[in-house]
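Heads up: the structure comes next, in structure tokens.
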Amino acid sequence: MRNVMLIARRELAAYLRTMSGYVIIAVMLFIDGLLFNAFAVPGTAKKSSEVLADFFTMTSGITMVGAVFLSMRLIAEERQTGTISLLYSSPLHDVEIVLGKFLAALGFLFVFFASTLYMPALVAAYGKVSLGHVFSGYFGLTLVGAASLAIGAFGSSLTRSQVVAAVLSGVMCLALTTCWLLTKVTDRPLTEIVTQLAWWGHFDAFRTGLVHVKHVTYFALVTFLALFAATRVLEARRWR
Amino acid sequence: MIHVEGLTKYYGQRAAIRDLTFNIEKGEVIGFLGLNGAGKSTTLKVLGCVLLPTSGKVVIDGFDVSKDPHEIRKRIGFLPDTPPLYEEMTVEGYLGFVAELRGVAKADVPARVADAMKKTALSERSGDVIATLSHGFRQRVGLAQALVHNPRLLILDEPTGGLDPVQIVEMRELIRKLKGEHTVLLSSHFLTEISQICDRFLVIQQGEIIAGGSEEELSRKLGGAGTVELELKGVAQKAIDALKPVAGVTDVTVVKLDGERVSLKVEAGAEVRPALVRALVAAGIDVLRVDRAATRLESIFLKLTHGKEAA
């Protein structure tokens with residue numbers, strides 16, 4: 001655990017010392033604010049809970065895209081600059097490298113989440129908001145962020161180019177988000193499998209204020225599998 | 001300290017190194033010589049536990065690379081051909097991070113970092129951000145990270161690569177000071193640069209070790225490829241007559257005549273410089289300069305690699 005925290009601390013400091021992390025979060029916040037103003041607030045009279053649910057829907061999409069950009073550098077940059085040799089020649093397990101980097105990116109993503117709190121606060125100021133709904137929404141966002149970052153870490157482990165890493169991770173996230181479309185052209189039991197795989201079906205509960213174990217398990221499983229795959233890729237590179 | 005037997009590493013279908021076998025004793029400074037693509041870096045990466053071997057046995061300090069890589073990693077300091085530096089960190093912060101990464105207890109980190117910076121003459125730049133450092137200083141930080149945890153074995157892949165002549169001399173001095181404290185394994189294709197630091201050389205070509213030994217031993221194996229340059233004050237013919245009978249001398253030629261100053265080139269198979277000076281002094285000739293030709297090791301290396309290619 002000491003090594004994981006050591007790597008996470010350095011990685012988080014790298015996000016805070018360089019511009020790229022701030023730029024990504026600033027863009028995420030700007031787009032989230034615009035969407036909130038354009039789609040969640042106006043229109044016909046809505047309940048506060050509906051506005052909040054819309055906010056979480058939009059923020060989940062932005063979280064996924066932002067996480068892909070935040071994570072594209074995690075391992076690809078180490079290979080690009082040659083610093084991976086330092087990690088490989090140190091007494092570390094590959095899983096410690098992957099976990100440390102993942103936790104740092106997740107920590108930085110919390111900066112984004114914290115910066116979006118003013119939007120639920122605005123809803124609360126003009127309506128009635130349940131704290132449980134806010135908690136459930138942010139918990140869901142954390143799970144979406146963790147799964148996206150883990151997929152990003154996996155994409156980043158596959159290549160030394162950060163752009164290619166972002167494209168690979170983006171495609172994987174997009175596939176999980178849009179695979180429900182396949183239900184229109186598939187029959188049982190494939191329809192059921194695709195439905196269970198789809199990202200959106202699992203986030204829907206969180207945005208409306210519900211926390212179900214099966215949805216938490218889904219995101220935890222995606223996160224675990226992606227981090228496991230990233231670790232195996234790092235291990236395999238020692239043999240190449 | 002290091003026992004390598006039948007070490008082979010494949011990249012896909014291509015063998016980067018093939019059936020390498022050698023031993024390195026504790027405290028030795030070994031130079032790995034080879035052209036680009038010969039397999040030097042791959043060998044050093046396997047010894048540094050960055051890559052795993054396809055086959056063969058590598059034992060460092062009693063631990064097998066394949067079975068106990070963590071134990072070995074604690075005992076080695078590795079400087080790859082591109083120093084692994086985090087640009088946004090300060091020199092001190094970076095070295096502290098590396099020390100902790102290599103298992104140094106938190107309480108000991110400041111002392112270890114200070115010692116590494118002292119050894120590599122970086123103390124004045126401890127607060128500088130790495131991105132702002134010149135190439136020479138970056139290379140020094142690379143060396144400092146390799147020795148910050150006081151490893152028994154230092155593996156340095158082309159530590160003088162890309163440095164200017166002054167920086168090369170400085171780096172050479174830094175490595176020379178490490179002699180005795182650590183076993184050092186370094187590679188270079190600037191052969192004359194490492195001839196002054198290393199006790200022994202391993203010449204690698206097309207993934208195989210084609211020769212090994214000290215400069216003198218390699219020279220002898222090739223039937224004498226050594227050249228000594230002399231600068232004298234006196235008559236050229238008299239000097240030639242005095243030098244030719246010296247044991248080991250195979251040829252003496254005049255390079256330059258400038259009034260009373262004479263430059264000569266002496267070809268010899270072994271170390272003959274003391275005998276040459278004695279012969280000249282006995283003949284009443286003033287010796288202004290005696291040097292081993294800078295290209296000596298270069299010529300040995302070229303003969304070895306060309307011989308291998310011809311075969």
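Some points to look at:
- Flag for A:ALA175 being touching a residue at least 60 places away in the same chain (Cβ under 8 Å) and of a type in the set (A, V, I, L, M, F, W, C): no
- Enumeration of residues in region B:88-116 that are part of a helix (DSSP H, G or I), more than 27 Å from the chain's Cα centre (by Cα) and not hydrophobic (A, V, I, L, M, F, W, C): B:GLU92, B:GLY93, B:GLY96, B:GLU100, B:LYS106, B:ASP108, B:PRO110
- Condition check for A:PHE55: away from chain B (no Cβ under 14 Å) and either hydroxyl-bearing (Ser, Thr, Tyr) or surrounded by fewer than 24 Cβ atoms within 10 Å (Cβ to Cβ) (or both): no
- In region A:26-41, residue nearest to the other protein chains (Cβ to nearest Cβ) [restricted to those that are modelled with pLDDT under 90 and open to solvent by 60 Å² or more (accessible area, probe 1.4 Å)]: A:ASN37
- Counting only residues that are over 16 Å from the mean Cα position of the chain (by Cα) and surrounded by fewer than 16 Cβ atoms within 10 Å (Cβ to Cβ), region B:27-46 holds 1 of them.
- Residue within region A:203-218 that is away from every other protein chain (no Cβ under 14 Å) and over 30 Å from A:LEU131 (Cβ atoms) present: no
- Among (1) free of Cβ contacts under 8 Å to residues at least 60 places away in the same chain; (2) more than 30 Å from A:LEU176 (Cα to Cα); (3) surrounded by fewer than 21 Cβ atoms within 10 Å (Cβ to Cβ) - the single one A:PHE135 does not satisfy: (2)
- Criterion violated by A:VAL95 - all others in (1) closer than 28 Å to A:LEU174 by Cβ; (2) crowded, with 21+ Cβ neighbours inside 10 Å; (3) within 20 Å of the chain's Cα centre (by Cα) satisfied: (2)
- Residue, farthest from the other protein chains (Cβ to nearest Cβ), within region B:30-60, restricted to residues that are part of a loop (DSSP other than H, G, I, E, B) and over 22 Å from B:ILE197 (Cβ atoms): B:GLY37
Residue-by-condition table, conditions (1) open to solvent by 50 Å² or more (accessible area, probe 1.4 Å); (2) among the basic types (Lys, Arg):
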position: B:LEU101; (1), (2): no, no
position: B:ALA105; (1), (2): yes, no
position: B:VAL113; (1), (2): no, no
position: B:ALA121; (1), (2): yes, no
position: B:ARG125; (1), (2): yes, yes
position: B:ILE130; (1), (2): no, no
position: B:SER134; (1), (2): yes, no
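- Filter result for B:GLY27 (more than 8 Å from chain A (Cβ to nearest Cβ) and within 22 Å of B:GLY212 (Cβ to Cβ)): yes
- Summed over region B:88-127, residues that are in contact (Cβ under 8 Å) with a residue 24 or more places away in the chain and within 14 Å of chain A (Cβ to nearest Cβ) total 11.
- From the options A:LYS101, A:LYS128, residue that is away from chain B (no Cβ under 14 Å), of a type in the set (D, E, K, R) and out of contact with any Phe, Trp or Tyr (no Cβ under 7 Å at 6 or more places or on another chain): A:LYS128
- Number of positions in region A:61-98 that are away from chain B (no Cβ under 12 Å) and closer than 19 Å to A:ALA236 by Cβ: 5
- Annotation: of all residues in region B:61-82 being in contact (Cβ under 8 Å) with a residue 24 or more places away in the chain and part of a loop (DSSP other than H, G, I, E, B), the one that is most open to solvent (accessible area, probe 1.4 Å) is B:ASP81.
- Given (1) within 14 Å of chain B (Cβ to nearest Cβ); (2) of a type outside the set (Asp, Glu); (3) touching a helix residue (DSSP H, G or I) at 6+ places or on another chain (Cβ under 9 Å), number of the condition A:THR18 does not satisfy: (3)
- The single condition among (1) touching a strand residue (DSSP E or B) at 6+ places or on another chain (Cβ under 6 Å); (2) part of a loop (DSSP other than H, G, I, E, B); (3) away from chain A (no Cβ under 13 Å); (4) closer than 22 Å to A:SER89 by Cα that B:ASN150 does not meet is (1).
- Boolean, B:ALA275 is under 30 Å from B:PHE301 (Cβ atoms), in a loop (DSSP other than H, G, I, E, B) and either outside the structural domain of B:THR192 (by TED's automatic domain parsing) or modelled with pLDDT of 85 or more (or both): no
- Residue check for B:LEU85: farther than 19 Å from B:ARG102 by Cβ, at the interface with chain A (Cβ under 10 Å from one of its Cβ atoms) and part of a loop (DSSP other than H, G, I, E, B): no
- Single residue of A:VAL68, A:VAL23 found to be at pLDDT 90 or above, over 30 Å from A:ALA124 (Cβ atoms) and either hydroxyl-bearing (Ser, Thr, Tyr) or within 19 Å of the chain's Cα centre (by Cα) (or both): A:VAL68
- A:LEU190 within 18 Å of the chain's Cα centre (by Cα) and surrounded by fewer than 16 Cβ atoms within 10 Å (Cβ to Cβ): no
- Boolean, A:VAL23 is part of a helix (DSSP H, G or I), open to solvent by 60 Å² or more (accessible area, probe 1.4 Å), at negative phi and not polar (S, T, N, Q): yes
- B:GLY56 vs. criteria open to solvent by 10 Å² or more (accessible area, probe 1.4 Å) and free of Cβ contacts under 8 Å to residues at least 12 places away in the same chain: no
- Only one entry in A:ARG79, A:ARG73 is of a type in the set (D, E, K, R) and over 16 Å from the mean Cα position of the chain (by Cα), namely A:ARG79.
The values are calculated or read from the model by the stated rules, or taken from the named source; none is laboratory data. This is a predicted model, so every value here is computed, not measured. Note that each Cβ is placed from the backbone with ideal geometry, even for glycine, and that neighbours are counted across all protein chains shown. Note: areas computed on protein heavy atoms with side chains; ligands, DNA, RNA excluded. Shrake-Rupley method; radii C 1.70, N 1.55, O 1.52, S 1.80 Å.
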